[in-house]
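One structure is given below, encoded as structure tokens.
The values are calculated or read from the model by the stated rules, or taken from the named source; none is laboratory data. Please read these numbers as outputs of a predicted model, since none were measured by experiment. Cβ atoms come from the backbone with ideal geometry, glycine included; neighbour counts cover every protein chain shown. Side chains included, ligands, DNA and RNA excluded: accessible areas come from the protein's heavy atoms. Shrake-Rupley method; radii C 1.70, N 1.55, O 1.52, S 1.80 Å.
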Amino acid sequence: MTARQRFLRFFHERPQLKAWALLAPGLTWLVVFFIVPLVLMLGYSFMPRNVYGGVDFGFTLENYGRFFDPLYLKIVLKTTLYALGCTAVCLLLGFPVAYAIARGGRFRNFLIFLVMLPFWTSFLVRMYAMMFLMRDSGLINKTLMDAGVIETGFEMLSTPFAVLTGLVFGFLPFMVLPIYASLEKLDHALLEAASVLGAPPAKRFFRVTLPLSMPGVVAGSLLVFIPALGSFLTSDVLGGAKEILVGNLVQNQFTSARDWPFGSAASFVMMTLVLGAVTLYLRVRDADEAMGK
Amino acid sequence: MKNQRLPYWLTLGVAIVFLFMHAPLMVLVLFSFNDSKFSMEWKGFTTKWYERLAERQDILDGLYSSLTVGLASTVIATVLGTLMALALARHEFRGRRAMEALLYVPIVTPEIVVGISLLILFMAAHFPLGLGSITVAHVAFNISFVAVVVHARLQGMDRNLEEAAMILGADEITAFFRVTVPQLWPGILSGAMLAFTMSFDDYVITSFVAGTDAATLPMVVYTMVKKNIEPSVNAISTVVLIATTILIFVADRAGREKPLTAEKAPVE
């Protein structure tokens, strides 16, 4: 028997081992460069700060305690509100778009391509594009001034409006695609049945289409909420120094403030919110599946 | 219902949302050709901002770094991710659910958390920061995406060809390289393209693990955006935009290409 045959036979007789052999390289990489760093970060969040960056050994709850300070409590609340607001606006804008695409006939593929396009383009470049439009001498202000609507340019950047618009602009495709996917699967026989039984269009929509698109709505909401919660670039580029979110707080602790333990704690506050959202999503999804949808 | 037209107000509303999604980038591209340094007024067509780009060493270096990191991390992430997908799609093993959950951790973790936690690891382990550490980080967040894409492809794949090859005398290794890989190729390719694009576009994670000497293209762009000095920012943004659009277009094509046996013959 050649070495090759012996090698193959060895794994053929041990299917479990074969599976783990395939998993091992990727798994190792993920554990060493993803899980271990997260565990280290959790450890850092309970240690006292070292003024030169990094940590001193010891145990403290002070880093988490600081989140009860109104200043930081406000940042966490504001971030959550932004994420919720962004999700709500995306749902409001995204549902009609998904609905129109699902009924878009021969334009369907082209419209999907249009939704996918920003989904793939550099997030940084897209935030810059928003900034380019919104800054004091930007196109929006200039057009309004030329049209005589306003006398002088008004400040749009560094306002909650700019950040929220940026977030929606950034994450809208994440909402449209899952809703489209569930609308596309919708069984037309059900709508016809409703129609035959005398339901007017509005009633058909609210009693058939909307409930059946719920899995897409829930998935889309999660896909928007999570990155909005963790966003850093949007508020950094469009919010200036005024609109600080948890992401900016974390970045600040690891750069200029040099308070790694506090930055780690802030990251874990963010991770907790994300995990909360994922858990909620899984609950809702499992409940949906249990109902036999 | 298919034949009913959408109400006009809905069509109009949807058109406005599409405009919102695309107009900002179109304006950006348009003004990268504007012959004026400060004003938003159209002063004529020019390509001088693009010529300026080619003269800037930091941009050329950034582009070189981004391509190097992108290629290296894509190759590693694609190989590791594909192997994981094969294990998940074709083998029953204990700890499988935990494994699937683990794969989703990088997908839901906010970028900034990935960036700082890796920075903590690298500093604690005295791992030198630079193109090497950036590559390691990019592989870490890309393995999952490749695995998920390839896994989806594997689930729709027909195993008959592989079995036929083995019956005809190929051993498992030959069957894998001569039958499975060619069949799976479109999935692997679209996973790889996705990985490359994410690596090429990433700013947040990269900025934390880059150290002081290395700068990828998005990092150079970020500095330019923050300083906001001249329309070169529009030009470099346009270049990045076009590069990623081409990549995605290619990836999309590759992903759609039908495998050798896309349609299963109905077996009775």
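Given (1) under 30 Å from A:PHE268 (Cβ atoms); (2) buried (at least 18 other Cβ atoms within 10 Å of the Cβ); (3) within 8 Å of chain B (Cβ to nearest Cβ), where does A:LYS18 come up short, assuming only one miss?
The single condition A:LYS18 does not satisfy is (1).
Tell me, which residue of region B:84-119 that is touching a Gly at 6+ places or on another chain (Cβ under 8 Å) and in a helix (DSSP H, G or I) is farthest from A:GLN253 (Cα to Cα)?
B:MET84
Here are some residues: A:MET214, A:MET156. Which one is away from chain B (no Cβ under 12 Å), free of Cβ contacts under 8 Å to residues at least 24 places away in the same chain and surrounded by 15 or more Cβ atoms within 10 Å (Cβ to Cβ)? Lay out the reasoning, then the answer.
Details: A:MET214 fails: free of Cβ contacts under 8 Å to residues at least 24 places away in the same chain.
Testing whether each residue is away from chain B (no Cβ under 12 Å), free of Cβ contacts under 8 Å to residues at least 24 places away in the same chain and surrounded by 15 or more Cβ atoms within 10 Å (Cβ to Cβ) leaves just A:MET156.
From B:MET123, B:MET166, which residue is open to solvent by 60 Å² or more (accessible area, probe 1.4 Å), in contact with a Gly (Cβ under 7 Å, 6 or more places away or on another chain) and within 12 Å of chain A (Cβ to nearest Cβ)? Steps first, answer last, please.
Values: B:MET166 fails: in contact with a Gly (Cβ under 7 Å, 6 or more places away or on another chain).
Among B:MET123, B:MET166, only B:MET123 is open to solvent by 60 Å² or more (accessible area, probe 1.4 Å), in contact with a Gly (Cβ under 7 Å, 6 or more places away or on another chain) and within 12 Å of chain A (Cβ to nearest Cβ).
Just to be sure I understand, how many residues within region A:255-274 are touching a Leu at 6+ places or on another chain (Cβ under 8 Å) and open to solvent by less than 10 Å² (accessible area, probe 1.4 Å)?
5
For the subset of region A:130-144 comprising residues that are within 10 Å of B:MET40 (Cβ to Cβ) and more than 7 Å from chain B (Cβ to nearest Cβ), which member is most open to solvent (accessible area, probe 1.4 Å)? Walk me through how you get there before you give the answer.
Looking only at region A:130-144, we keep the residues that are within 10 Å of B:MET40 (Cβ to Cβ), and these are A:132-133, A:135, A:137-143.
Checking which are more than 7 Å from chain B (Cβ to nearest Cβ) leaves us with A:135, A:140-141, A:143.
Working: A:ARG135: 43, A:ILE140: 61, A:ASN141: 0, A:THR143: 80 Å².
For region A:130-144, the residue satisfying everything is A:THR143.
Yes or no: region B:226-235 includes at least one residue that is crowded, with 22+ Cβ neighbours inside 10 Å, of a type in the set (A, V, I, L, M, F, W, C) and within 28 Å of B:VAL250 (Cβ to Cβ).
yes
Against the conditions (1) open to solvent by 10 Å² or more (accessible area, probe 1.4 Å); (2) within 11 Å of chain A (Cβ to nearest Cβ), where does B:VAL148 fall short? Just the number, please.
Checking B:VAL148 against (1) open to solvent by 10 Å² or more (accessible area, probe 1.4 Å); (2) within 11 Å of chain A (Cβ to nearest Cβ), the one that fails is (2).
From A:ILE75, A:ILE35, which residue is within 30 Å of B:MET99 (Cα to Cα) and β-branched (Val, Ile, Thr)?
On the way: A:ILE75 fails: within 30 Å of B:MET99 (Cα to Cα).
From the options A:ILE75, A:ILE35, the qualifying one is A:ILE35.
Given the criterion over 16 Å from A:PHE262 (Cβ atoms) and more than 7 Å from chain B (Cβ to nearest Cβ), identify the matching residue among A:VAL31, A:VAL51, A:VAL76, A:VAL55. Spell out how you get there, then give the answer.
Details: A:VAL51 fails: over 16 Å from A:PHE262 (Cβ atoms); A:VAL76 fails: over 16 Å from A:PHE262 (Cβ atoms); A:VAL55 fails: over 16 Å from A:PHE262 (Cβ atoms).
Only one candidate passes the filter, namely A:VAL31.
Determine the pairs where a residue that is within 12 Å of B:GLU41 (Cα to Cα) and free of Cβ contacts under 8 Å to residues at least 40 places away in the same chain, located within region A:131-153, has a partner that is open to solvent by 40 Å² or more (accessible area, probe 1.4 Å) and among the aromatic types (Phe, Trp, Tyr) with Cβ atoms under 6 Å apart, the partner being 6 or more residues away or on another chain.
Partner pairs satisfying both residue conditions: none exist.
Would you mind stating whether B:GLU111 is away from chain A (no Cβ under 14 Å), on the phi < 0 side of the Ramachandran plot and either aliphatic (A, V, I, L, M) or open to solvent by 60 Å² or more (accessible area, probe 1.4 Å) (or both)? Explain how you work it out, then say what you get.
On the way: away from chain A (no Cβ under 14 Å): no; on the phi < 0 side of the Ramachandran plot: yes; either aliphatic (A, V, I, L, M) or open to solvent by 60 Å² or more (accessible area, probe 1.4 Å) (or both): yes.
No, not satisfied.
Name the residues in region B:67-94 that are facing chain A (nearest Cβ under 9 Å) and either open to solvent by 40 Å² or more (accessible area, probe 1.4 Å) or within 15 Å of B:THR197 (Cβ to Cβ) (or both), would you?
B:ILE76, B:ALA77, B:VAL79, B:GLY81, B:LEU83, B:ARG90, B:GLU92, B:ARG94
Within region B:15-40, track down each residue that is open to solvent by 100 Å² or more (accessible area, probe 1.4 Å) and at the interface with another protein chain (Cβ under 8 Å from one of its Cβ atoms).
Within region B:15-40, just B:PHE38 meets the criteria.
Right, A:TYR82: more than 7 Å from chain B (Cβ to nearest Cβ), touching a residue at least 12 places away in the same chain (Cβ under 8 Å) and open to solvent by less than 30 Å² (accessible area, probe 1.4 Å) or not? Write out each step before concluding.
Details: more than 7 Å from chain B (Cβ to nearest Cβ): yes; touching a residue at least 12 places away in the same chain (Cβ under 8 Å): yes; open to solvent by less than 30 Å² (accessible area, probe 1.4 Å): yes.
When the stated conditions are applied, A:TYR82 passes them.
Just need a number here: residues in region A:234-254 that are open to solvent by 10 Å² or more (accessible area, probe 1.4 Å) and within 7 Å of another protein chain (Cβ to nearest Cβ).
Qualifying residue count, region A:234-254: 3.
Pairs only if they're at least six apart or on different chains, beta carbon under 8 angstrom, first in region B:217-242 and over 19 Å from B:MET26 (Cβ atoms) and within 10 Å of chain A (Cβ to nearest Cβ), second among the hydroxyl-bearing types (Ser, Thr, Tyr) and open to solvent by 10 Å² or more (accessible area, probe 1.4 Å); list them, first residue then second.
What qualifies is B:LEU217/B:SER65; B:PRO218/B:TYR203; B:MET219/B:TYR203; B:MET219/B:SER207; B:TYR222/B:TYR203; B:TYR222/B:SER207.
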